[in-house]
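Before any comments, here is the structure.
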Amino acid sequence: MKRLILTIALVLGLSVAASAQNYAVVNSEKIFKSIEAYNAAITQLDELADGYQKQVDEKFAEVERLYNAYMARRSTLSAASQQANEENILKKEQEATEFQESLFGTEGELMKKRLELIQPIQKRVFEAIDKYAQQKGYDMVIDISQNATMLYYSDRVDHTDEIIESLK
């Protein structure tokens, strides 16, 4: 319900703002995909993520092997040995989880690499959009790439291709 009200308010706000101002529509996803360095960075990040995932999978597979081995011989172990095995398995699982977080978490290696590779490209694209908007006298630029509330727009106001050309 809140989302519906927010969507309606946003559409009304944009329509009021758009009627009073000069605006342009761009598709930032199309712009990014037109940049070779961005595509190369995404490919590099995907390959890095795949490698990291294999490392994480290996750690969790080791935990599973330990658990399965423990369960197979659990009935033959003393209570103290059972407890020691369980603690070891839990410790290994915690280590695997921490390792996964160190790679994929918000402060992880993949995020750091993403910022290193993508942020300069984003900055360049956003600066190009800003420069284009100022040169053409636009008061507002709307990005339609991921906006689920954009129900219709005319090709006349889509300036994506001009932004792509300005980046070349």
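The values are calculated or read from the model by the stated rules, or taken from the named source; none is laboratory data. Small disclaimer: the values here were computed from a predicted structure and weren't measured. Every residue, glycine as well, gets a Cβ built from its backbone with ideal geometry; the counts of neighbours run over all protein chains shown. Surface accessibility is based on the protein's heavy atoms, side chains included, excluding ligands, DNA and RNA. Shrake-Rupley method; radii C 1.70, N 1.55, O 1.52, S 1.80 Å.
Filter the stretch 24-42 down to the residues that are within 10 Å of THR160 (Cα to Cα) and among the aliphatic types (A, V, I, L, M) and list them by number. If the condition is that a residue be within 10 Å of THR160 (Cα to Cα) and among the aliphatic types (A, V, I, L, M), then ALA24, VAL25, VAL26, ILE31 are the ones that fit.
Determine, yes or no, whether ASP130 is among the acidic types (Asp, Glu), under 17 Å from PHE32 (Cβ atoms) and part of a helix (DSSP H, G or I). Yes, satisfied.
Only a single item in (1) touching a residue at least 12 places away in the same chain (Cβ under 8 Å); (2) in contact with a helix residue (DSSP H, G or I) (Cβ under 6 Å, 6 or more places away or on another chain); (3) under 30 Å from GLU62 (Cβ atoms) is not met by GLU86, and it is number (2). Taking the criterion of being touching a Ser or Thr at 6+ places or on another chain (Cβ under 6 Å) and either modelled with pLDDT under 75 or open to solvent by 60 Å² or more (accessible area, probe 1.4 Å) (or both), the only residue of the stretch 144-168 that qualifies is THR149.
The residue that is modelled with the lowest pLDDT, counting only those in the stretch 1-52 that are surrounded by 10 or more Cβ atoms within 10 Å (Cβ to Cβ), under 27 Å from the mean Cα position of the chain (by Cα) and assigned to a loop (DSSP other than H, G, I, E, B), is ASN27. From the list GLN94, GLN122, the lone residue that is open to solvent by less than 100 Å² (accessible area, probe 1.4 Å) and more than 24 Å from the chain's Cα centre (by Cα) is GLN94. Taking residues in the stretch 112-141 that are free of Cβ contacts under 8 Å to residues at least 12 places away in the same chain, and partners anywhere that are surrounded by 16 or more Cβ atoms within 10 Å (Cβ to Cβ) and outside any helix (DSSP H, G or I), the pairs with Cβ atoms closer than 9 Å and at least 6 places apart or on different chains are ASP130/VAL141. Within the stretch 97-117, the only residue that satisfies the criterion of being aromatic (Phe, Trp, Tyr) and either touching a Lys or Arg at 6+ places or on another chain (Cβ under 7 Å) or loosely packed, with under 11 Cβ neighbours inside 10 Å (or both) is PHE99. The number of residues in the stretch 133-143 that are open to solvent by less than 100 Å² (accessible area, probe 1.4 Å) and either in a helix (DSSP H, G or I) or at pLDDT 95 or above (or both) comes to 1. Hey, among LEU103, LEU110, which residue is in contact with an Asp or Glu (Cβ under 7 Å, 6 or more places away or on another chain) and part of a helix (DSSP H, G or I)? Every option except LEU103 fails the conditions. Does LEU77 fit the bill of being over 27 Å from ILE144 (Cα atoms), open to solvent by 90 Å² or more (accessible area, probe 1.4 Å) and more than 26 Å from the chain's Cα centre (by Cα)? Judged against the criteria, LEU77 is not a match.
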